[in-house]
Each structure stands twice: as structure tokens, then as C-alpha cells.
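A short reminder: the numbers here are calculations on the coordinates, not readings from a lab. Because the structure is a prediction, the values reported are computed rather than measured. All Cβ positions, even for glycine, are placed from backbone atoms using ideal geometry, and neighbour counts span all protein chains on display.
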Amino acid sequence: MVRPLILALAAAALMPLSTLAQNYADNPQAQAMIEELVTEEGFERAALQALFAKTEHQQSIIDAISRPAEKTKPWYAYRQIFLTEKREREGREFYAAHRDTLARAEAETGVPAEIIVAIIGVETFYGRITGNYRVMDALSTLAFDYPRRSAFFSKELKNYLLLTREQGMDPLAQKGSYAGAMGYGQFMPSSYRSYAVDFDGDGKTDIWNNPVDAIGSVANYFKRHGWSAGEPVVSAATLQGEVPDAWFNASLKPERSLADYTATGLQPVTEGLDPAQPATAVRFETEQGYEYWLGLQNFYVITRYNHSSMYAMSVYQLSQRIADGVAP
């Protein structure tokens, strides 16, 4: 009689590699990272060896990150993902449920409550969709098996291991997106360590399960990236002349003055703006043609969360719809 173990091994040998769980126990890059963490950060070698032996390559993560991004869609299609009645309605519900926390965050950071809510709404549908991948698997897969961005994800994996040690978390227990983003606001580990705050004062900084900490952390992120309290975000614009094509969508960072744009025929609709104020010209494709916008400093700050003008505009427009529907 053939022993069960031999049968199991024979079956495994016939399986495609993609169906076999591949851990990182013997991966040379993982071993190099272990050496760095032991030498530079005081981790225990045996504990890291055991951790990477339980960390698995996930081909679905490589497949997901290799797909064309949402930002390749035209504006009229992109906006339909985020500017929906359901997202507006749940945004107003989230706002109402956390009104006091949002008011405190706005008072302390200058970031409008509706912007904070819109970020959480766009990122995770107000905390409902935060990702089902183990963060350890996601970051290891991308650090060791996605050469194009290996340096970035290796840095994030190190930050994740430092974060879980600092917070007393089990590295294998935390879930996130396929890119390793975490919690209500989808912070990467380096952002978590730099910008997340204990907003309810309970001694823990928890953006996975605690909406109070999540709200405070998003607000702190924007404040630290230069949000200007009380200043506008963006102005619609009318095209009344010949603006060089190279001026549109050239840079997320405001580089030319409003006066420069006005002189060439791109006129802001919002009144009372300082002509010397720097702005960036944005042209979005609609089903009928183009619409024109002038992004200001706070628009640029939103793009620090996700480097896309369409993302920033979706957040801004969702925030305005939420604010319009919130009871005073």
C-alpha cells in the first residue's frame, strides 16, 4: 500500500507552482532584510526567521498591481467610481456619527471635516472595505517579487515590522490592501509611523478599528503636508484664449501664478483670488469635450495622499456633496 505522505508529495509535485504556497524562509532578499533588522534595529533573528517562514507569496497581488490603474480612465469615467449617491449618503451618515470628533479635528488642524470624511469615503467606503490581504504577505510579495518597485516596498516592509513592534501587534494578523495600505485611511506603514495619531488618548494609535484615531490621523496627514486653513482648494476656469497645451496637467505642484494663466486666457471663476497665488492648470476630459480647473495649494495637498489630479478632484467634489447634505 502506498503511504499517504508519498501520495501527498506526488500530488504536490504535479501541481502548478502557482497553486503552491511559497514562503519566504529561504528567500535571499528576505535573509538580507533579516540581517539588516537584526543589526540595525535590534530584532531577534529567530523570531524574524519564523515570521518569514509563515509569510506567503501571493500571485494575485502581483496581478492586481500590474493591472492598469484607475487613473488611466478619462475623467468622466473615473468620477463615476467615487461620486455616487451611495457614497454621498454614507458619507453624511459617517459625518453625523462622528460630528464631535470631526469638529475637534477641524479645529485643531484647520482641515475641513468634509475633506476628512471624503478621504475615508474614497479610500475605504468609510471603513467598510479596508482590504483582505495579510499586510505581511502583501509587502513581502511586492518587496521580493516585484522588481520594478522593490526598493519602495522593502522600505515599507521594514516600517511595517517596526510599526507592529512599536504597537505590540502580531505582524501576521493585520489585513490591508494588495499594496499593503491599512485601515480607514489606507496608510502605508511609513505614513502610519509618521502621521497616525492617538486622537482619543487611549494610549494606542489604531487606524484599523478606531474611527476616532483614523479621523485625527487623516487630518494630521493633511496638516503636516501643508494644508492652508480657510483657503480655497480649486477654482473652475473658463478658457478664453490660447493657453499652451504644455501648461495643462503639467505638474501637480502649483508653479505658475493665477496672473500668468489669466494673461493667456484661462480665467478663474472664483472671485477674490490673489493674482500672485500659484496654481496648476488641469484639463479634464468629459463626454462633451473638456472642463478646466485651476488647482491651488490645498488641491496640491490632496494629491500628496494620492498623486493624481482626478483623485484630488473626486475627493473635493465628494466633500462638497457631503457638506451640502449635512444638517447644521
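Order of Met169, Met313 from fewest to most other C-beta atoms within 10 Å?
Met169, Met313
Using a cut-off of 15 Å between beta-carbons, work out the net charge of the residues near Glu106 (Lys and Arg +1, Asp and Glu -1, Glu106 not included). Can you show the working numbers first?
Details: positive: Arg99, Arg104, Lys223; negative: Asp100, Glu108, Glu114, Glu231.
Overall, the nearby charge balance is -1.
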Practice item. In Å³ and rounded to a whole number, note down the convex hull volume per residue for the Cα atoms of segment 129-254. Key: 152 Å³
Practice item. Using the Karplus curve 6.51 cos²θ - 1.76 cosθ + 1.60 with θ = phi - 60°, work out ³J(HN,Hα) for each residue of segment 94-105 in order, rounded to whole Hz, and write x for Gly and Pro. Key: 5, 4, 5, 5, 10, 4, 5, 5, 5, 5, 5, 4
Review point. Normalised by the number of residues in the chain, what is the relative contact order in percent for Cα pairs under 8 Å and 6+ residues apart?
Key: 17 percent
Review point. In the chain, what is the volume of the convex hull around the alpha carbon atoms, normalised per residue and reported in Å³?
Key: 184 Å³
Check your understanding: In nm, to one decimal, how far is the Lys155 label point from the Ala50 one, both placed 7 Å along Cα→Cβ?
Key -> 3.2 nm
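Treating only the Cβ of Lys, Arg, Asp and Glu as charged (+1, +1, -1, -1), what charge dipole size does segment 174-328 show about its Cα centre? Round to the nearest 20 debye.
Working: 10 positive and 16 negative charges, 103 e Å.
The dipole magnitude comes to about 500 debye.
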Practice item. Treating the angle as unsigned and between 0 and 90°, give the value, to the nearest 10°, between the Cα long axis of helix 113-124 and the longest Cα principal axis of the chain. Key: 40 degrees
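So, counting K/R as plus one and D/E as minus one, what does the shell of residues with Cβ under 15 Å around Leu294 add up to?
Net local charge, Leu294 excluded: -3.
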Study note, to complete from the structure: Filtered pair list for the chain (Lys only, Cα < 26 Å, 8 or more apart or interchain) has a length of 21
Review point. Based on Cβ point charges of +1 for Lys and Arg and -1 for Asp and Glu, what charge dipole magnitude is obtained for segment 43-143 about its Cα centre, in debye rounded to the nearest 20?
Key: 240 debye
Point to revise | In segment 169-255, trypsin sites (Lys or Arg not before Pro) in a DSSP loop with at most 16 other beta-carbon atoms within 10 Å | key: Lys204
Review point. If you plug each phi of segment 268-273 into the Karplus form 6.51 cos²θ - 1.76 cosθ + 1.60 with θ = phi - 60°, what whole-Hz ³J(HN,Hα) values come out, in order, with x for Gly and Pro?
Key: x, 7, 5, 8, x, 6
Review point. How far, in degrees from 0 to 90, does helix 211-224 lean away from the longest principal axis of the Cα atoms of the chain, to the nearest 10?
Key: 60 degrees
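Can you give the charge dipole size of the chain about its Cα centre, rounded to the nearest 20 debye, using +1 on the beta carbon of Lys and Arg and -1 on the beta carbon of Asp and Glu?
Details: 30 positive and 39 negative charges, 140 e Å.
Roughly 680 debye, rounded to the nearest 20.
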Point to revise | the chain, helix-only ellipticity at 222 nm - DSSP H runs n ≥ 4, -39,500 (n - 2.57), divided by all residues, nearest 500 | key: -15500 deg cm²/dmol
Study note, to complete from the structure: Between Lys175 and residues 5 or more places away or on another chain, the pairs with built amide H atoms under 5 Å apart involve Val135
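Local charge sum around Ala323 (other residues, Cβ-Cβ under 12 Å, Lys/Arg +1, Asp/Glu -1)?
-2
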Review point. Quick one: Leu296, Leu239, fewest Cβ neighbours within 10 Å first, how do they rank?
Key: Leu239, Leu296
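Under the rule that an exposed site lies in a DSSP loop and has at most 16 other Cβ atoms within 10 Å, name the longest stretch of the chain with no GluC sites (Glu not before Pro) of that kind, not counting the sites themselves. Write down the numbers at each step before the final one.
Values: sites that count: Glu44, Glu242, Glu255, Glu271, Glu287.
Answer - 45-241.
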